[in-house]
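Inspection log for the structure reproduced underneath, given as structure tokens.
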Amino acid sequence: MPVDLASIGVTGISAMEAELAIAESNIANASNPNYSAESVNLAALADANGNGAGVSVLGVQRSQAPFVDGEINAQSSTQSFNQAFTQIETLAQSLIAPTDGNDLAKAFQNMMNAFTSLSASPQNTTLRTGAITAAASFASNLQAVSAGLQSNAANALSQIGTLVSQVNTLSGQIAALNSELQGVQSGGGAALLDQRDALINQLANLIGAIADSNGNVSVGGLPLVSGTTALTLETTGSGANLGIAVSLPQGTLPVQTNQIGGTIGGRFASAESLSQLQANIDQYGSSVATAINGVYQKGYGLDGSTGNQLFLISGPGGGSIAINPAVTPQNFAAAATARGIPGDGSNASAIAALASAQGIDSSFPDSNAVQAFTQIQSQFGTNLQAAQTQLQQASSTLQSLQQLKSSITGVSLNDQLTKLTQFQEALEAAGRAVQAANDITTFLVQQL
């Protein structure tokens, strides 16, 4: 049976042209982190007798490492979560543990020292003024810390709406790519798959999204992209009650914020952490102020007044505690009786004794006020350190995974340059084969 030499050669030319195009594309994208090396999928052609009849280009396939991709997305989510968390928490650390050491515990101790000094010289106007000033300093320090924590918690949530909009944009793009990929023949769509993988990784960074091999994406166990359909996330509530929900035709389905990863999850976690820290600080400050007032109101001023309060407590928050503006050096209740012995500073001494009293803050029944605040600081520092450690571990693991993926799906320039030479030689050989077939045909025609 005659062999169509020219046709066989032409299939070789087509195959090598495809190989050259892919090799050039690989080389051009060698530094593109979102590109997976591609290769041409070839198949041998056979004639009716099963003999070789050339080569067919079936399509283009890309190198894949789906398990590694999944791990990269998981570690990207963890890294972004802890990065957002630690950035916000570090700002709060400067409020409760300033580098100059002038924290609430120091303000409390200064106040107690002022009461101790006053108890020894209760007639001294300067010491009376100093005690009032120290108490006012404690109150203003407490106000600043409480307000600062509240502000930081609010700032942590302030960008959630913008980030959710970014999530919706990415989800829509993934759904559009899924639609395009449905129209691609088997063995094609490598570039589209690279684009989709990059978008999924961005979603993992933003919100801890998880995706399957078909491009279906979920967040916190709820669907976000299903085939060619992208659902929409929306924010619900406001302030400390801010949340996220998936918008469905029949209504909204809330996403549990503690199930969210990425930057958004880190911001929610930080806001919750700071709100709890503020509650602890507020309780601490309120407990101290209440304990001092309980002793202070039993004392007497130089003018004989009694039953007064040193601190005004207008609410449960630390920001609601302030020095009583009616307190003056003259009516400061340092004495225990209205007409006590000269130099009576026993009430000021009783207030100073609160420095060593345990259980002023009921959350720390075995600790005095300074120890209680130190424990609040310590717990916060432990949580921050844990997040910093997790951030370092995730970053290190992510780097290793990216290197592993590069070794599997990345472009080796040396390999591609070698293939480029081989394909060029094969193309030249195929061209010569076609030329030879044409020469033979011409010769045979001339012999007729």
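Taking a label point 7 Å from the Cα of residue 140 along the Cα→Cβ vector, which residues of segment 105-131 have an amide N closer than 19 Å to it?
Only 105-115, 126-131 pass the distance filter.
Among 9, 342, 61, whose Cα sits farthest toward the positive end of the charge dipole of the chain (+1 at Cβ of Lys/Arg, -1 at Cβ of Asp/Glu, about the Cα centre)?
Result: 342, furthest along the dipole toward the positive end.
Search the structure for amide H atoms under 5 Å from the amide H of residue 53, placed 1.01 Å from N in the peptide plane, and list their residues when 5 or more places away or on another chain.
HN-HN under 5 Å from residue 53: 45, 46, 47.
I'd like the distance separating the alpha-carbon centroids of segment 57-127 and segment 250-297, in whole Å.
After rounding, the separation between the Cα centres reads 14 Å.
Enumerate the amide H contacts of residue 255 below 5 Å, restricted to partners 5 or more residues apart or on another chain; note that Pro and chain-start residues carry no placed amide H.
Hits under the 5 Å cutoff: 244, 245, 246.
Starting from the Cα-Cα distance between residue 375 and residue 226, subtract it from 0.36 nm times their residue separation and give me the gain in nm to one decimal.
My answer for the length gained is 48.9 nm.
Roughly speaking, what is the stretch gain from residue 49 to residue 395, that is 0.36 nm per residue apart minus the C-alpha to C-alpha distance, in nm to one decimal?
118.7 nm is the gain from fully extending residue 49 to residue 395.
Rounded if a/c is under 1.5, else prolate if a/b is larger than b/c, else oblate: which is segment 141-211, with a ≥ b ≥ c the root eigenvalues of its Cα gyration tensor?
The shape class here is prolate.
Based solely on its DSSP helices, what 222 nm [θ] is calculated for the chain when runs of n ≥ 4 H residues each add -39,500 (n - 2.57) and the sum is averaged over all residues, nearest 500 deg cm²/dmol?
Value at 222 nm, helices only: -21000 deg cm²/dmol.
Under a cut-off of 22 Å between alpha-carbon atoms, report the lysines in cross-link reach of residue 419, not counting same-chain residues fewer than 8 places apart.
Partners within reach: 405.
Under 5 Å between amide H atoms, partner at least 5 residues away or on a different chain: which partners does residue 42 have, H built in plane at 1.01 Å?
Hits under the 5 Å cutoff: 58.
Under unit Cβ charges (Lys, Arg +1; Asp, Glu -1), what dipole magnitude, rounded to 20 debye, does the chain have relative to its Cα centre?
Here the size comes out at about 1780 debye.
Only the coordinates and a few stated rules stand behind these numbers; no lab work does. Nothing here was measured: the structure is a model prediction, and the numbers come from that model. Because the Cβ atoms are built from the backbone with ideal geometry, glycine has one as well, and the counts that use them run over all protein chains shown.
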